[in-house]
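K.L.:
Before we start, here is the structure in question, set down as structure tokens.
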């Protein structure tokens with residue numbers, strides 16, 4: 001019997017398997033606005049399972065003390081951690097401003113806020129060095145965007161404007177027509193003739209009014225202004241991190257939307273919330289699960 005022919009050729013190396021992670025992403029907000037962030041994440045990462053937690057029993061956060069917001073955010077993200085999420089998105093400007101550092105220190109999973117990504121995009125986009133930020137009174141009062149922009153770029157001028165009526169307009173579905181146009185015109189007319197060329201939509205409700213905002217700026221005679229959506233920028237930074245760390249969900253053979261799991265948790269069920277939520281998410285949501293977060297509970301160690 002002939003012996004097998006010997007060879008000195010090295011064995012072919014196997015290609016390393018691509019790292020993936022099938023755990024869900026957690027998205028947290030005080031109410032409904034964060035659904036615009038979930039929508040952006042869902043569209044950009046169609047293979048991912050996502051758990052959304054809306055703390056609707058304690059909304060709004062904007063009139064709460066900073067320490068109270070930190071405790072609420074830690075309680076809420078503890079609940080998401082119990083559900084086994086691989087990353088946490090704080091889809092709320094107030095909670096990001098007051099609690100991002102505390103939540104990052106508290107959890108092993110990566111945590112993303114909505115302020116840093118939008119500030120980075122705006123700094124990269126501006127040519128004039130003048131950036132506008134529109135948001136709620138609480139966000140404007142906190143100074144979170146000017147502080148973040150100052151850390152990223154130098155010699156930039158930040159113009160802030162509180163636009164509180166945009167929130168109820170978005171929640172009521174008044175995102176087009178004469179009423180929102182007049183409100184937007186009143187808020188934004190001060191930017192006519194200004195050097196602003198980039199504007200951050202500093203509230204997760206505002207993407208629903210993007211068309212009205214752009215038209216109001218044009219009608220006021222403002223020059224071309226790039227609108228920066230914090231929901232979109234946050235979703236892009238999340239995707240980049242998951243890809244870099246090998247945490248993306250395995251690619252699904254079935255691209256049907258029903259192949260992945262989108263789960264919605266609420267701490268209360270306000271009247272009409274389903275209709276409002278589907279408007280913000282941009283499609284049907286189905287059912288919500290009620291969860292309790294004990295008032296005054298201490299964060300879990």
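K.L.:
Considering the Cα positions of the chain, please state its Rg to one decimal place and its Dmax as a whole number of Å.
P.N.:
In order Rg, Dmax, the Cα atoms of the chain give 22.1, 95 Å.
K.L.:
What's log10 of I(q)/I(0) for region 74-173 at q = 0.10, 0.14, 0.15 Å⁻¹, Debye sum over Cα points only, no solvent?
P.N.:
Taking Cα atoms of region 74-173 as identical point scatterers yields -0.34, -0.63, -0.71.
K.L.:
Another question, if that's okay. Evaluate the Kirkwood expression for the hydrodynamic radius of region 71-131, namely the inverse of the mean inverse distance over all pairs of different C-alpha atoms, and round to one decimal in Å.
P.N.:
Computed over Cα pairs of region 71-131, the Kirkwood hydrodynamic radius comes out at 12.6 Å.
K.L.:
Kirkwood Rh over alpha-carbon pairs of region 179-297, then Stokes-Einstein at 4 °C and 1.567 mPa s: what D in µm² s⁻¹, rounded to an integer?
P.N.:
The diffusion coefficient I find is 72 µm²/s.
K.L.:
Let me ask you something else. Assuming 0.36 nm per residue, please report the length gained on full extension of the stretch residue 66 to residue 137 beyond their Cα-Cα distance.
P.N.:
Stretched out fully, the residue 66 to residue 137 stretch lengthens by 24.1 nm.
K.L.:
Can you give the Rg to Rh ratio for region 131-204, taking only C-alpha atoms and Rh from Kirkwood?
P.N.:
1.00
K.L.:
Relative contact order for the chain: what percent, with Cα pairs under 8 Å and sequence separation of 6 or more?
P.N.:
RCO, the chain: 26 percent.
K.L.:
Right, next: Once you've got the GNM for the chain with C-alpha springs shorter than 10 Å, pick whichever of 223, 62, 177 has the biggest mean-square fluctuation.
P.N.:
177
K.L.:
Counting each DSSP H run of 4 or more residues in the chain as -39500 (n - 2.57), what helix-only mean residue ellipticity at 222 nm follows after dividing by all residues, to the nearest 500 deg cm²/dmol?
P.N.:
-12000 deg cm²/dmol
K.L.:
A further question on this structure: Express in whole angstrom the spacing between the alpha-carbon centres of region 38-99 and region 140-159.
P.N.:
Centre-to-centre (Cα) distance: 23 Å.
K.L.:
I want to check the label-to-label distance for residue 195 and residue 154. Put each point 7 Å from Cα in the C-beta direction and report it in nm to one decimal.
P.N.:
1.7
K.L.:
Within 10 Å of each residue's Cβ, count the other Cβ atoms and sort 278, 244, 232 from fewest upward.
P.N.:
Fewest to most other Cβ atoms nearby, the residues stand as 244, 278, 232.
Throughout, read-outs are computed from the coordinates displayed, never taken from laboratory work. Remember, predicted model here, so these are calculated numbers, not experimental data. With ideal geometry, Cβ positions are generated from the backbone for all residues, glycine too; neighbour counts draw on all protein chains shown.
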